[in-house]
Structures are given as C-alpha cells and as structure tokens.
Amino acid sequence: MSAFDYDLFVIGAGSGGVRAARIAAGYGARVAVAEEFRIGGTCVIRGCVPKKLYVYASRFRDEFEDAAGFGWTVAPARFDWPTLVAAKEKEITRLSGIYAANMEKAGVEQIAARAVLTGPNGIALSNGRNVTARIILVATGGSPVMEPAVPGADLAISSNEIFDLPKFPDRLMVVGGGYIAVEFASVFARLGSQVTQVFRADNVLRGFDGEIRKHLSDAMTHAGVALKPGVLPTRIERAGEAIRVSLSGGETIEVDQVLIATGRRPHTRGLGLEQAGVKLKDDGAVIVDSRSQTSVPSVYAVGDVTNRINLTPVAIREGHAFADSVFGGKETTVDHTHVPTAVFTTPEIGTVGLSEEEARRIFDVVDVYAAGFRPMKATLSGRAERTFMKIIVDGRTDKVLGVHLIGHDSGEMAQLLAIPIRMGATKADFDATMALHPTAAEELVTMRTRSARYERGA
C-alpha cells in the first residue's frame, strides 16, 4: 500500500493541469485535481475562448458594411450586449463540462476547493481535508496585474470582469499596450464603444516586430481607437454615473468603464510554495528545469505559473510532457523555440520566429523581404485596409528566421508557417513553392525582391 493518498495531486484545472492529470491517470496513476474556481482555467473561462468569441462578434460590423459593395442590402444592424454575454456563458459552460467529463472518464478525482502546500508532499484543502501526494503539480496560471496602483484604481476592472459587464460601456478606457489591451480595445471599438487606450511605451505591442506594431497602431486609429502613448492614469474617481480619469499628460477624460490590462503575473501568492522550499523568481514565477521540476524534487509546475511562454498550447504541451516523463517512462521535454503567436485584433496579427530587431542583434547579415497590399475583398467593399507581410532571412545561410503578418487570417497562416520554419526552411524553399491564387498567402512565396539588407558593422 502506498504511503501517499495520491500518486499525483494537481493544483489548478486549467489546460496544462487537466492535460497532465488525464495523461498521468492513463498511465495508471491515482490522480486528483483541486480547482477553486471553474474547470477549464483562464483560457476557457476568461481568456482566449471568450475573447475569440467576442472578436468574432466585433467583426460583423465591418461585414455588414462591406456587404453593400458586393450587391447585398442589409438592414441597419443593431448589437445587443446581453445576448452576446449569454451566448458566451453557454459556450464556456459547455467547454468546462467537457473538461470535467474527460477527467472523470480518465478516473481523475476532482475537488472543488483551494489547495495549499504544507510541505514537499502535503496539501491542505479549503474544505478541511489534508492529503498527501508522491508528486505535486502546480498549474495555477496567472492573474491580472492591476497597475499602476493609483488612487481610485479599485474602480477599474481587469480582463477577468470585462466579459460579464452588466451594461455595455459606451465609453471605455483601456490601460496598457500589450496584446490583451490591444485585443480588447479593438473588440470594443468595433462593438460600438468609444475607446481610449493609454500606455507607457511609444507604441503598442512592445517586443513585436516594429513594422507590425506601426501597421496595427495605424489600423486601430483608423478604427476610431484614441491611442495615447507615453500616458498613464494618475487618479480614477467617480463623477456621477461616469468615471473620471486624470492622465499624466494633464488631460482628464470621463468614461463608463476603465479596463486595466497591463499584464498578468504568475498566480503563486498564498499557495505555500516558499514554505515548502520551492524557489520563485522575483515576479512570483516558479523556477523549473527543462522537465518542469522545481527546486523541490516532488513538486513540478507547468503553464503560465512558470512564466516561460504564456500560451495555452504551451501549457498543454508542458503538462503532457510532464506526465509522459514522470508517469509514462518516456522522457520528454518541450522545445520553446519557434512558437507561433497570434494577436486577435482587427486586423489580425500572426507571427513566428525572430523579429527584424531580434535578428539584427544576433546575426551578422539579415535580409528582409516585405510586401504590403490591399486585400482583394477590399477592392469591392471599399474598405481602407492593408495587408502586410514580412520575411526575415539569415543573409549568410538563406534560412528563414521569422515571418510576421498583419491582415485577415494571419493567425491561421502563422500556425502553418511554424512548420517549415521549425524544419529549417530557406528562402529558396519558399521561392520554389507554387503559389495558390488568388489568396493573400501566395505573397509569402512570391516575394523575390529583397527590400533591405543589414550587415553588422557596415
């Protein structure tokens, strides 16, 4: 008989934790998962799934307008916020149920309680139980950062609350310039809100390719988002039914809602990790090795709580690799290079590999191929939109280092582009590939003229 209640105890039922639990149980392990909120984690409940549903909703406005150019007559459109909120809730409830059902089928015990480590193998549950496990997996994800901590910041909301507002905000201020901030600014502007976005940097999406950032900011401005770089709130206060925001530039703006989207940090506070001997980074991230093992041999961590690459597919891959390695006898590590990323603004961004700025810091010779064009659909709709594509190449070896896209279906293209880039494809391989016409993607294999070359020291 085992000296422990469980072989594996997972804290957090998000994408990474659920995958790890199911795979470990499939190897015969006795597994339990504790979740204090809802099964599914950030992605399913208050992240990528509801966000993408709201993105779809926001794009219908353009579709209705564009239809006239193709001969359609569409009655004046009207948007109903409560209908969208209810439909979203129905879908995430369905998905959460699927997650729970799959764990039940796998034989995973599900515990609706908060779990805190009491030692390398001990867990205290908020329902009063104390249990032990041979292996503990921390998969608690991240939580919103409510900064800057200015007077009245408690009047603002985070990305956790934005999906379920009882009333649609006709005037919205978004604080932050990262991908969460630009996505919500884009969504609400197209749903009909007057959006003001303030952020510390000189442009949105710090860390992304510079030209992509410029194209996005231009597009967002054209869509009606008032971008205010280098500006942050200094005070937030009630003004009757409105919220008055004082900005560092001296301006005062009244809005219906303030969304603070200045990032997320690992959700490790109050979990007993430090007391159990688990080492954390300054930002609270759990320090792990290539096997997702912490400084305590019996404790592992996957997903956003480790702050490696905070994307749902990465968490799932890490959880699966952990279970294969620890319970399946198949030593598996996760390669965190060449991970494709999408930003679901309108227009959409897709990217994989190095940006031009990153490549020029690393490689001696960097070739850039770029193309901007009006998409075919816009020729009849009359919409003022542009698609932009950029290929970054090692000028010495011809190897493609990165591809960056902004326009329709850029996320879909980035997923497929990740395959050849991971395989080490060259620009010559791209050039030798037959184009598929008429598509936007054909531009990726027809860009033959180099737009720029950068040589270190030249």
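The values are calculated or read from the model by the stated rules, or taken from the named source; none is laboratory data. This structure is a prediction, so every number in the text was calculated from the model and none was measured. So basically every Cβ, Gly included, is an ideal-geometry build from the backbone, and we count neighbours across all protein chains shown.
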* Tell me, yes or no, whether the stretch 37-54 has at least one residue that is over 25 Å from residue 143 (Cβ atoms), assigned by TED's automatic domain parsing to the domain that holds residue 304 and not in a strand (DSSP E or B). => no
* Asked: Which pairs do you get when a residue that is under 15 Å from residue 371 (Cβ atoms), found in the stretch 206-218, comes within reach of a residue that is surrounded by 18 or more Cβ atoms within 10 Å (Cβ to Cβ) and among the basic types (Lys, Arg), reach meaning Cβ atoms under 9 angstrom, with the pair 6+ apart or on two chains?
  -> 209/390; 211/390; 212/390
* **Options 357, 318, 385; residue that is closer than 20 Å to residue 415 by Cα, among the acidic types (Asp, Glu) and either in a strand (DSSP E or B) or touching a residue at least 40 places away in the same chain (Cβ under 8 Å) (or both)** => 318
* To do: Could you check how many residues of the stretch 396-420 are crowded, with 21+ Cβ neighbours inside 10 Å and in a helix (DSSP H, G or I)?
  => 4
* Is there any pair linking a residue in the stretch 1-15 that is in contact (Cβ under 8 Å) with a residue 40 or more places away in the chain to one that is hydroxyl-bearing (Ser, Thr, Tyr) and buried (at least 18 other Cβ atoms within 10 Å of the Cβ), with Cβ under 8 Å and at least six apart or on different chains, and which? -> 11/140; 12/140; 13/99; 14/42; 14/140; 15/312
* Structure fact -> Condition set surrounded by fewer than 22 Cβ atoms within 10 Å (Cβ to Cβ) and not small (Gly, Ala, Ser), scope the stretch 24-44, selection nearest to residue 90 (Cα to Cα): answer is 38
* Out of 305, 296, 339, 352, which single residue is in a loop (DSSP other than H, G, I, E, B), of a type outside the set (Asp, Glu) and touching a Gly at 6+ places or on another chain (Cβ under 7 Å)? -> 296
* Can you work out which of the residues in the stretch 273-312 that are among the small types (Gly, Ala, Ser) and closer than 20 Å to residue 41 by Cβ is surrounded by the most Cβ atoms within 10 Å (Cβ to Cβ)? => 303
* **Residue, farthest from residue 214 (Cα to Cα), within the stretch 160-194, restricted to residues that are of a type in the set (Gly, Ala, Ser) and buried (at least 21 other Cβ atoms within 10 Å of the Cβ)** => 193
* Within the stretch 233-272, count every residue that is within 26 Å of the chain's Cα centre (by Cα), exposed (fewer than 14 other Cβ atoms within 10 Å of the Cβ) and in a strand (DSSP E or B). => 0
* Asked: Which members of the stretch 421-458 meet the condition of being assigned to a loop (DSSP other than H, G, I, E, B) and surrounded by 12 or more Cβ atoms within 10 Å (Cβ to Cβ)?
  -> 425, 433, 435, 439, 440, 446, 447, 450, 451
* Determine which member of the set 105, 90 is surrounded by fewer than 17 Cβ atoms within 10 Å (Cβ to Cβ), within 27 Å of the chain's Cα centre (by Cα) and not hydrophobic (A, V, I, L, M, F, W, C). => 90
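Residues checked against (1) modelled with pLDDT under 95; (2) assigned by TED's automatic domain parsing to the domain that holds residue 61:
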{"site": "131", "(1), (2)": "no, yes"}
{"site": "135", "(1), (2)": "no, yes"}
{"site": "164", "(1), (2)": "no, no"}
{"site": "171", "(1), (2)": "no, no"}
{"site": "176", "(1), (2)": "no, no"}
{"site": "182", "(1), (2)": "no, no"}
{"site": "198", "(1), (2)": "no, no"}
{"site": "204", "(1), (2)": "no, no"}
{"site": "207", "(1), (2)": "yes, no"}
* Can you name the condition, by its number, that residue 217 falls short on among (1) outside any loop (DSSP other than H, G, I, E, B); (2) surrounded by 22 or more Cβ atoms within 10 Å (Cβ to Cβ)? -> (2)
